[in-house]
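Worksheet: one structure, shown below.
The values are calculated or read from the model by the stated rules, or taken from the named source; none is laboratory data. Keep in mind that what you see is a predicted model, and the values were worked out from it rather than measured. Cβ placement follows ideal geometry from the backbone for every residue including glycine, while neighbour counts extend to all protein chains displayed.
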Amino acid sequence: MFQKILIANRGEIACRVIATARRLGIASVAIHSEADKEALHVARADEAWPVGPAPARESYLAIEKIIAVAKRAGAEAIHPGYGFLAENAGFAEACAEAGIVFIGPPPGAIRAMGSKASAKALMERAGVPLVPGYHGAAQDFATLREAVERVGYPALVKASAGGGGKGMRIVTRAEEIEDAIAGARGEARSAFGDDHLLIEKYLLAPRHIEIQIFADAYGHIVSLFERDCSIQRRYQKVIEEAPAPGMTAPGMTTPGMTEVLRQAMGEAACRVARAVGYVGAGTVEFIAEGEDFYFMEMNTRLQVEHPVTEMITGLDLVEWQLRVAAGETLPLAADQLSICGHAIEARIYAEDPAQDFRPSIGTLVHLREPRTGSQVRIDAGVRQGDAITPYYDPMIAKLIVHGKDRGEAVRLLAAALAQYEIVGVETNLGLLRAIAAHPDFACGKLDTGFITRHAEALLTPQVGGEDDPVLRAAAALALFADIRAETAAGAASSSDPFSPWAIADAWRMNGEGYQDLILRHEDRTETLRIHPERNGACRLDLAGGPVRAEAWEEAESGMALRLDGVLHRLRVVRHAGALIVIRNGRNHVFRIVDPLAPPAGEEAGSERLERDDRRRDRRRSESRGKTMTEGGIGERERSRPALVAPIPARVARVLVRVGAQVRKGEALIVLEAMKTEMTLVAPFDGEIVSLPYGVDAMVEEGAELVLFAAGEAAQISRA
Ligand code: ADP
């Protein structure tokens, strides 16, 4: 076994690998970009070496620098994690040349599976079923069109080098073929530097079922069963589970058929692995419909969702990877493997589902994870205070639960999601909670169209709470406590700490004491009057009537609030002039309104709040139907209208030229942030007068990307 390994990755997967290395007594060497100097994986490793600036191509993808660090640090092997260099055959070769073990399959296997088209050709020869389609070498338009027509509608045009759902277009009728091919080709060329396309029949409600395989260098190959990854957004996985719920499809009533199907898929996957001389961990992805399943692609690395397999098998797949890479045989044979219980993983992303899953960047001002144990596991790469930057993947963590059966796993998932507390970035927690609570999810009715089909129920931003006295009372009491503490601190430093004016107990010369607090929640501003009582309790006059807070206490675990006799547990986070009350994993924002502050606009702080409000309002109106791909219309809209960057990003493609006349809705520019592409479209008809940023430029939020001829503004206001 190795003494020391380097992890050529960051975030949760780097932390994940380090954890196993530590358990096995192997020293770990982390690498990091300038943006990640203080990152969690750096803190967890035994050593951490800088490898370059924030952009991945200058750091986490810089093969020579990484190999040089591995040599200098004395690492015998490199674990590539997933993403970055994990499926880069050139990197695997560079490791070998440097005398370092690449913890992954041989370069030949990576190459064979690197192109979906050649992988499919190979699988066809190995007798593995394929989705009907075309994966030939000829790429002329006539050949591709003919393939689409032969496959029938709907058809899918796919980039052979594709990944992350990029470079895919659905064709539903003949008139769309040309655009689909041109679009997929353009996207593939720019994203992968390879515009080779393939055509597949587009299955309408399939399931994504994949088989985890493991092979050693001595010809042993086992299947570690399946994972169902059908819950997806934009062709990317959101929730994965193992085993696949009710693998028996409708119409498949034969008893034991599930086991038969599992066996058939497992055998097909092992055949795939054998066909390419595979060694290490790999995943063979199938698309399944009814009792049919078709090979889609093989991922020649550890998958993001590997923990669900670990939970149901009780194995550590990173340990297996290390053992196999060190030349050992597989720790267990097929007949020693079995499935125990049911595991589900939810990926927690910094993104806004209501805005077409736009990545969200910012600092994790508050991060509290659910309690973990044998049934709840969290694989995270960030801590409270860390930033989600535009440079890398927006995943915050993976939450994995393990139940005796699927019902228990779904309950554990819902319960753990309700304990998650995140403030500082938008997250998909609301979407995940809605999925976990959906009746179709509960009964395992899954297919890749799940999120789209139930979009109304799953993606509508959850607002409300304004009528809930518990939330308002919690916000008011937290603010009241802050004011008291502040006044007490002020009094302690003043000349007469015992002056009655210095005591913040809502003391009044005459009559009943009270304190008025003004809070704004959503669009409603409310004055809440707090009457402290001598015994530490309070009466609160709320819009809906008075309530009595008998006791409230804020501790590390949150706020315990006894209101009208009932004990509630929640959390109040103070951030940017607001109180965020978190209950059951959901954030409710109460803005503090200072009655003595000058009117909005006169002072920097309130200006910022106003701007936040405008932004929020814009978001809300957009989430009522418009897509986010329109970008923002610039501040200068009255003089010279501009299309602005909605988030910091890299310019991936510029689709128009200066002087072009464009139509409303026409795609103008493609941005990439955190591995997600977003196409910004023209907000109106007009002429482009300037394109200040070229391909690869890093742009700030609000940067003016496309400037239109003056006069278009009138059209904006008419629109
Ligand atoms: P990528 O490599 O970009 O992840 P995949 O080929 O793995 O692309 O496909 C990603 C997802 O796209 C699948 O999980 C599935 O939801 C969908 N998909 C791919 N091929 C088809 C198809 N032929 N019919 C329907 N959906 C498909």
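One table, with the values for the structure above:
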item	result
The one condition in (1) surrounded by fewer than 21 Cβ atoms within 10 Å (Cβ to Cβ); (2) under 22 Å from the mean Cα position of the chain (by Cα); (3) part of a helix (DSSP H, G or I); (4) of a type in the set (A, V, I, L, M) that ALA54 fails to fulfil	(3)
Checklist (1) surrounded by 16 or more Cβ atoms within 10 Å (Cβ to Cβ); (2) more than 25 Å from the chain's Cα centre (by Cα) applied to GLY99, failing item	(1)
The stretch 128-149 residues that are farther than 21 Å from ILE211 by Cβ and away from the ligand (no atom under 16 Å from the Cβ), paired with ones that are of a type outside the set (Gly, Ala, Ser) and assigned to a loop (DSSP other than H, G, I, E, B) (beta carbon under 7 Å, 6 or more apart)	GLN139/HIS196
Number of positions in the stretch 362-387 that are crowded, with 18+ Cβ neighbours inside 10 Å and either of a type in the set (Ser, Thr, Tyr) or in contact with a Gly (Cβ under 6 Å, 6 or more places away or on another chain) (or both)	2
Residue in the stretch 197-206 that is more than 11 Å from the ligand (Cβ to nearest atom), farther than 30 Å from PHE441 by Cα and part of a loop (DSSP other than H, G, I, E, B) present	no
Restricting the stretch 162-178 to residues that are near the ligand (Cβ under 9 Å from one of its atoms) and buried (at least 19 other Cβ atoms within 10 Å of the Cβ), the residue that is farthest from PHE192 (Cα to Cα)	MET168
Single condition VAL17 does not satisfy, out of (1) out of contact with any Leu (no Cβ under 9 Å at 6 or more places or on another chain); (2) part of a helix (DSSP H, G or I); (3) surrounded by 17 or more Cβ atoms within 10 Å (Cβ to Cβ)	(1)
Qualifying positions in the stretch 407-425 - buried (at least 21 other Cβ atoms within 10 Å of the Cβ) and either more than 25 Å from SER557 (Cβ to Cβ) or in the same structural domain as MET559 (by TED's automatic domain parsing) (or both)	ALA409, VAL410
Test: GLY90 is exposed (fewer than 15 other Cβ atoms within 10 Å of the Cβ) and of a type in the set (Gly, Ala, Ser)	yes
Per-region count, the stretch 167-176, residues farther than 12 Å from PRO154 by Cβ and either part of a loop (DSSP other than H, G, I, E, B) or modelled with pLDDT under 90 (or both)	1
Verdict on ALA537 being under 30 Å from GLU369 (Cα atoms), over 36 Å from the mean Cα position of the chain (by Cα) and modelled with pLDDT of 90 or more	no
Residues of the stretch 327-347 satisfying the condition of being in contact with an Asp or Glu (Cβ under 9 Å, 6 or more places away or on another chain) and in contact (Cβ under 8 Å) with a residue 60 or more places away in the chain	GLY327, GLU328, THR329, LEU330, GLY341, HIS342, ALA343, ILE344, GLU345, ALA346, ARG347
Matching residues in the stretch 303-322 - criterion: being surrounded by fewer than 19 Cβ atoms within 10 Å (Cβ to Cβ) and assigned to a helix (DSSP H, G or I)	GLU319
Scope the stretch 1-58; condition over 21 Å from PRO394 (Cα atoms) and among the basic types (Lys, Arg); matching residues	LYS4, ARG22, ARG23
Some residue of the stretch 268-280 being more than 12 Å from the ligand (Cβ to nearest atom), in the same structural domain as SER338 (by TED's automatic domain parsing), in contact (Cβ under 8 Å) with a residue 40 or more places away in the chain and part of a strand (DSSP E or B)	yes
Any hit, the stretch 58-69, residues being in a helix (DSSP H, G or I) and within 16 Å of the ligand (Cβ to nearest atom)	no
Residue tally, condition touching a residue at least 60 places away in the same chain (Cβ under 8 Å) and more than 15 Å from the ligand (Cβ to nearest atom), over the stretch 281-296	1
Some residue of the stretch 182-204 being in contact (Cβ under 8 Å) with a residue 40 or more places away in the chain, under 30 Å from LEU330 (Cβ atoms) and crowded, with 16+ Cβ neighbours inside 10 Å	no
Residue in the stretch 183-195 that is of a type in the set (S, T, N, Q) and either within 16 Å of the ligand (Cβ to nearest atom) or within 30 Å of TYR82 (Cβ to Cβ) (or both) present	yes
TYR294 hydroxyl-bearing (Ser, Thr, Tyr), closer than 29 Å to ASN584 by Cα and in contact with a Phe, Trp or Tyr (Cβ under 9 Å, 6 or more places away or on another chain)	no
Every residue from the stretch 59-72 that is under 16 Å from TYR392 (Cα atoms) and small (Gly, Ala, Ser)	SER59, ALA62
Helices (runs of 4 or more DSSP H) (entirely within the stretch 445-506) containing at least 3 residues that are at negative phi and modelled with pLDDT under 85	469-493
LEU156 buried (at least 20 other Cβ atoms within 10 Å of the Cβ) and within 12 Å of the ligand (Cβ to nearest atom)	yes
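Residues checked against (1) in contact with a helix residue (DSSP H, G or I) (Cβ under 9 Å, 6 or more places away or on another chain); (2) part of a loop (DSSP other than H, G, I, E, B); (3) modelled with pLDDT under 95; (4) assigned by TED's automatic domain parsing to the domain that holds ARG274:
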| position | (1), (2), (3), (4) |
| --- | --- |
| GLY108 | yes, no, no, no |
| ARG111 | yes, no, no, no |
| ALA117 | no, no, yes, no |
| ALA121 | no, no, yes, no |
| ALA138 | yes, yes, no, no |
| ALA147 | no, no, no, no |
| GLY162 | yes, yes, yes, no |
| GLY165 | no, yes, yes, no |
| GLU178 | yes, no, yes, no |
